[in-house]
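Structure record follows, encoded as structure tokens.
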């Protein structure tokens, strides 16, 4: 029987901590280590500094911690990230590598896998051990079909999606991190990060860890019962709700595409908010769709939301009925005005 050496591999955040997605992946790696006979857990971290992150997860049961540090690894750069990943995999002699999905890891891990002669799978949403063999689950065709697969080839690299399990929690402690020396060639320093620019100015509307996902449909900017549009009022109602609840904002495809059609738009809505036809799968505990009754938000985009509610003036809406757990047949402007009023009183 092969004794798996399971490497939890991730970068640190700008403040030296680990993201929620990283801690979720660590929880998965910890569980797999317990279920696979003879398996050992290892940790590989890279960033400007990794000691703080290592102390935070010192009690995870890892047999050894490895680190690649320095200013060259502080920011996202595919060339340097790939070198760091490859060095950590070699140092750990890993047979199985679990990495949280992020903009950095999604670009660099496949390259590191090729350099290590391994195989890589992405968008893993679940794991199970059967007959001493690890199997992973992932979705295909815009989350309409789930597949279970396994590999015998090693090393096996896996990118793990977030929002699927509770993050790892443990007591902070002291641990020794083995420094892995990396010589970064000049060709890996040709890209320089000058700074960061937020995707949106003003109010932050994308909050992956929010308990509620509020989805706005195109109905918010259409003519209302008085024959007029009320886009500014819609903006105020939606922003008030986001402020009071800390909810995340989603948009239907028809809503986010209106800016290119010369129609009234919500100034804070962009394609980054879109769910549905993009294949995005929000995993907020609760979801509320307003002025929106398309197939995508209720069926595809909301597949993993535990409680789905919708507001629609059409009592016979075929998409809302049967697709949402609760359907409010009412005017969204009136409902959200009352909701915001009640929220301000709490």
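The single condition among (1) closer than 24 Å to residue 125 by Cβ; (2) surrounded by 24 or more Cβ atoms within 10 Å (Cβ to Cβ) that residue 50 does not meet is (1). Looking at the structure I just gave you, is residue 192 free of Cβ contacts under 8 Å to residues at least 12 places away in the same chain and either under 19 Å from residue 12 (Cα atoms) or assigned to a strand (DSSP E or B) (or both)? Yes; evaluated as a whole, the condition is true for this residue. Sort out which residues of region 139-160 are crowded, with 20+ Cβ neighbours inside 10 Å and within 20 Å of the chain's Cα centre (by Cα), and write them in order of number. Listed by number, the residues that qualify are 157, 158, 159, 160. For region 90-120, the set of residues classified as touching a strand residue (DSSP E or B) at 6+ places or on another chain (Cβ under 7 Å), over 17 Å from residue 77 (Cα atoms) and surrounded by fewer than 17 Cβ atoms within 10 Å (Cβ to Cβ) consists of 93, 119, listed by residue number. For region 223-258, enumerate the residues that are out of contact with any helix residue (DSSP H, G or I) (no Cβ under 9 Å at 6 or more places or on another chain) and surrounded by 15 or more Cβ atoms within 10 Å (Cβ to Cβ). Once the filter is applied, which keeps residues that are out of contact with any helix residue (DSSP H, G or I) (no Cβ under 9 Å at 6 or more places or on another chain) and surrounded by 15 or more Cβ atoms within 10 Å (Cβ to Cβ), region 223-258 yields 239, 242. Residues of region 114-130 include at least one that is assigned to a helix (DSSP H, G or I) and in the same structural domain as residue 39 (by TED's automatic domain parsing).
Inspect region 288-298 for any residue being outside the structural domain of residue 144 (by TED's automatic domain parsing), modelled with pLDDT of 90 or more, under 20 Å from the mean Cα position of the chain (by Cα) and not in a loop (DSSP other than H, G, I, E, B) and give the result as yes or no. Yes: region 288-298 contains one or more residues that are outside the structural domain of residue 144 (by TED's automatic domain parsing), modelled with pLDDT of 90 or more, under 20 Å from the mean Cα position of the chain (by Cα) and not in a loop (DSSP other than H, G, I, E, B). Residue 323 falls short on exactly one of the conditions (1) in contact with a strand residue (DSSP E or B) (Cβ under 8 Å, 6 or more places away or on another chain); (2) at pLDDT 85 or above; (3) farther than 14 Å from residue 237 by Cα, and that condition is (2).
Between 159, 184, 164, the distinction of being on the phi < 0 side of the Ramachandran plot and at pLDDT 95 or above belongs to 159 only. Using the structure shown, decide if residue 165 is free of Cβ contacts under 8 Å to residues at least 24 places away in the same chain, assigned by TED's automatic domain parsing to the domain that holds residue 117 and under 16 Å from the mean Cα position of the chain (by Cα). Spelling it out, it is not the case that residue 165 is free of Cβ contacts under 8 Å to residues at least 24 places away in the same chain, assigned by TED's automatic domain parsing to the domain that holds residue 117 and under 16 Å from the mean Cα position of the chain (by Cα).
The values are calculated or read from the model by the stated rules, or taken from the named source; none is laboratory data. Since the model is a prediction, treat every value here as computed from it, not as a measurement. With ideal geometry, Cβ positions are generated from the backbone for all residues, glycine too; neighbour counts draw on all protein chains shown.
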